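Asks: Can you read through this structure? Questions will come right after.
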Amino acid sequence: MLIEKSAMAGTLESSDAQVTVEPAEGLELNIQSSVLNQYGHQIKATILETLNRLEVTAGKVTVIDKGALDCTLKARVECAVFRSCGKSESNIPWGGVIND
């Protein structure tokens with residue numbers, strides 16, 4: 001999928017994450033988290049796996065994590081990407097059905 005415009009999903013509430021995607025030349029990932037030292041590798045792996053599954057190869061992805069579970073991170077990244085290319089307006093199969 002191609003990130004066509006800036007889009008956001010999620011909140012800054014506890015146990016959630018706010019994900020923002022923007023068009024860019026390469027793939028740029030910026031993660032802010034209060035638990036980055038403990039779970040940074042897992043957070044990054046979850047985000048990159050979700051982007052890979054959605055076939056996103058370029059874009060700036062900013063994640064502000066407030067202790068979100070992996071399933072929440074996946075949902076927020078997926079929603080932000082879908083919003084950025086207008087796919088959230090159609091009847092899409094949420095939750096990993098695409099490219100499984």
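All of the numbers you see were taken from the coordinates with simple rules; none came from a lab. Since the structure is predicted, the reported quantities are computational estimates derived from the model, not experimental observations.
Asks: I'd like the orientation of helix 70-84 relative to the chain: the angle between its Cα long axis and the longest Cα principal axis, in ° from 0 to 90, rounded to 10.
Replies: For helix 70-84, the angle is close to 40 degrees.
Asks: Search the structure for amide H atoms under 5 Å from the amide H of S33, placed 1.01 Å from N in the peptide plane, and list their residues when 5 or more places away or on another chain.
Replies: Long-range HN contacts for S33: D65.
Asks: Can you tell me the orientation of helix 36-53 relative to the chain, as the angle in degrees between its alpha-carbon axis and the longest Cα principal axis, to the nearest 10?
Replies: Roughly 10 degrees between the two axes.
Asks: Over the stretch 7-89, what is the relative contact order in whole percent, taking alpha-carbon pairs under 8 Å and six or more residues apart?
Replies: This gives 46 percent for the stretch 7-89.
Asks: For K5, go through the lysines and keep the ones whose alpha-carbon is under 18 Å away, minus same-chain ones fewer than eight residues off.
Replies: K60, K87
Asks: Calculate one ³J(HN,Hα) per residue across the stretch 6-13 by plugging θ = phi - 60° into the Karplus curve 6.51 cos²θ - 1.76 cosθ + 1.60, and present them in order as whole Hz with x for glycine and proline.
Replies: 5, 8, 9, 9, x, 9, 9, 6
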